[in-house]
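> Dropping a structure here in structure tokens format, bear with me for questions.
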Amino acid sequence: METQHDILVQNKRDIQFKITINRKFTLIRGDSATGKSTLFQMVSDAGTSVQVGIHIACDVPVVALHETGYKYELSNVKGRTHRNSPFLNGSAGRQRFSLSLLIVLQHFAFPNS
Amino acid sequence: MVKVYFELNDKDIISTSKYFNNSYTEAWLDDWAKRVIREIDSSELVSEGLVQSPVLGPITLREISSGAKALITMNADDTVISNANSCGDNCAALLAELSRKKDFEIYLAYPMNFGSLEFDMYIVRDGAICHNAREFEKEYLLWRHSMTF
């Protein structure tokens, strides 16, 4: 079943991203210097407990996961629960994730996909 | 000539952005770097630490695109296998040009679109030499088909 989520990420310097996600897994790719890393960095910066000048609007939590520490990061996200995430292995994949929406933007290939 | 690895051990893979941020020196910021920043990021290298972006305004060198960082690393650092998976298709022209000027190594696990570009490429997996997109795509598909799932 597909569910649509509209995401707005903006800062006070007029940098704004509007994205509509309607599948469980969405891959954002494109030319270099088109904003993928900037979007990820803004979501990452917003994931702190203090004011950072970034506003995120979405009906579900939006988080940035990093190469290291993603298990800890997931354990601190509040929301609906998805079990046995198919793209996370090990103990993290078996946890009761407090995860509703996940934005993962990283430059990596899927050689075994 | 660019030596292409379709696969690498984890220990040999560099994180393009983090590696660049912690490795670049003033010597890296030559005419090639200025050109990469201009053509890929549509920005200008103003000084060693400052880049003027038409979208982001004045930014630090740490904030340029990962594709630009990868292309600069390919030219400046022979001690690592540059991670070309950080490059979008818009990096293909500069990558192809660099391959005709110097020897360097890259990790490239996706079928970059080289279009009608000509380049000098050595495929490490089987020793093949490629000079155009058709030859590269054939090698890429041979590698993918060799995988066991």
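Every number here is computed from the coordinates shown, using simple stated rules; none is lab data. Quantities reported herein were computed from a predicted structural model and do not represent experimental measurements. Cβ sites come from the backbone with ideal geometry, for glycine too, and all protein chains shown count toward neighbours.
> Report, to the nearest 10°, how far helix B:133-145 tilts away from the longest principal axis of the Cα atoms in chain B, using its own Cα long axis and a range of 0 to 90°.
With rounding to tens, the tilt is 60 degrees.
> Quote the charge dipole size of chain B about the Cα centre in Debye, to the nearest 20; the model charges only the Cβ of Lys and Arg (+1) and of Asp and Glu (-1).
For this selection, approximately 200 debye.
> Using r as the Cβ-Cβ distance of B:E44 and A:F17, and R0 as 35 Å, what FRET efficiency do you calculate, to the nearest 0.05?
0.90
> Any idea how far apart B:R144 and A:D59 come out in nm if each label point goes 7 Å out from Cα toward Cβ?
Once both label points are built, they end up 3.5 nm from each other.
> Cα-Cα over 25 Å: which of B:K3/B:K138; B:K18/B:K138; A:K18/B:K11; B:K69/B:K101; B:K69/B:K102?
Listed pairs above 25 Å: B:K18/B:K138; A:K18/B:K11.
> Compute the angle between helix B:66-76 and the longest alpha-carbon principal axis of chain B, please, reported from 0 to 90 degrees and rounded to the nearest 10.
Value to nearest ten degrees: 80.
> Right, next: Rank B:S23, B:L142, B:S65 by how far each Cα sits towards the positive end of the charge dipole of region B:2-147 (+1 on Lys, Arg Cβ; -1 on Asp, Glu Cβ) and give me just the farthest.
Result: B:L142.
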